[in-house]
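Trainee: Sharing a structure with you now.
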Amino acid sequence: MSSNIEGMHDPFLFSAPTAALNTPLTARKIHIRRLYEVLQLSIHRNDLTRARRAWSILVRCKEISWITIWNVAIHLVEETSYGDDSARKIELLRDMMLHYPDQRMAVIKELVFRLIFSGRHREALDELELLLTRYLPSFPYQDNPVLHVYAGLLCFYLAQESVNSETPASFQPSFIREATAHFERAQMLDPGNIVATSFLHKIAVRSLEFNIQATQLDDSDDEPIIQDVSHPRPKRLRQTMSSP
């Protein structure tokens with residue numbers, strides 16, 4: 001029977017989470033693969049209750065290492081009583097950053113995405129800067145242009161926040177400098193990175209416009225103020241003809 005199973009085409013919709021479930025395809029592995037199918041189909045149908053039940057069984061199987069499919073675990077984190085599950089997912093991701101260094105590269109991308117999705121842009125930038133300053137001298141962080149693009153985009157976004165309510169269109173120069181440095185680093189690592197190239201061009205254009213406006217403002221301050229001392233012209237009175 002096992003030989004017939006091995007000779008069949010793959011009857012499953014989703015690829016196996018681990019290579020150990022591919023061969024030899026025993027009856028136990030078939031059941032695990034089917035359970036994994038239930039998990040994935042339940043997620044696609046947004047039936048998270050059934051997906052969590054399938055997940056709770058899968059993680060008990062010795063053939064499954066949950067860390068290899070941690071992104072599924074993040075998706076299945078139960079919602080809080082207020083319906084906001086982002087805080088629990090963020091805490092789980094931060095815990096994974098500390099305890100699973102092999103997955104740190106993928107986890108930081110998910111963590112930054114979750115923080116941005118929650119509107120915590122400054123916090124997302126802090127997480128990236130902590131990673132880049134702590135692990136930058138080591139591989140593979142020093143040669144990863146994606147992390148620098150993420151940091152550059154966050155700096156560029158934060159730079160657009162108004163310094164005060166009277167100047168809603170102002171930019172914070174410190175964030176612009178940081179964004180430029182990150183984009184230039186990403187472009188050096190990946191010359192074909194269109195995101196880094198596009199935003200470097202945008203920053204250059206914006207800086208040029210700002211310099212032109214500043215120059216015009218300085219020129220206008222040097223011009224003497226001319227006061228009009230002439231007497232106002234008298235208003236013309238509209239003549240009306242009385243009817244005879």
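The values are calculated or read from the model by the stated rules, or taken from the named source; none is laboratory data. Here the structure is a predicted model, which means the values were calculated and not measured. When we count neighbours, we look across all protein chains shown, and the Cβ atoms used for this are built from the backbone with ideal geometry, even at glycine. Just so you know, the surface numbers come from the protein's heavy atoms only, side chains and all, with ligands and any DNA or RNA stripped out. Shrake-Rupley method; radii C 1.70, N 1.55, O 1.52, S 1.80 Å.
Trainee: At a 1.4 Å probe radius, which order do Tyr150, Tyr157 fall into by accessible area, largest first? Write out the running numbers ahead of the final one.
Mentor: Numbers: Tyr150 80, Tyr157 105 Å².
The residues order as Tyr157, Tyr150, largest area first.
Trainee: Please list, in order, the residues from the range 170-186 whose amide nitrogen is less than 19 Å from a point placed 7 Å along the Cα→Cβ vector of Glu129.
Mentor: Residues 171-186 fall inside that zone.
Trainee: Rounded to the nearest 10 Å², what accessible area does Phe183 show when all protein chains are kept and the probe is 1.4 Å?
Mentor: Using a 1.4 Å probe on the heavy atoms, I get roughly 0 Å².
Trainee: Can you put Ser56, Ser42 in order of accessible area, largest first, using a 1.4 Å probe? Please report the intermediate quantities before stating the final value.
Mentor: On the way: Ser56 40, Ser42 5 Å².
Putting Ser56, Ser42 in descending order of accessible area: Ser56, Ser42.
Trainee: If you count only protein heavy atoms and use a 1.4 Å probe, how large is the accessible surface of Thr49, to the nearest 10 Å²?
Mentor: Ignoring ligands and nucleic acids, Thr49 comes out at about 80 Å².
Trainee: Which value, in Å² rounded to 10, gives the accessible area of Asp143 with a 1.4 Å probe and all protein chains present?
Mentor: Accessible area of Asp143: about 80 Å².
Trainee: May I pose another question? Using heavy-atom solvent-accessible surface (probe 1.4 Å) with all chains present, what is the largest-first order of Ser15, Ser86?
Mentor: Values: Ser15 90, Ser86 20 Å².
From most exposed to least exposed: Ser15, Ser86.
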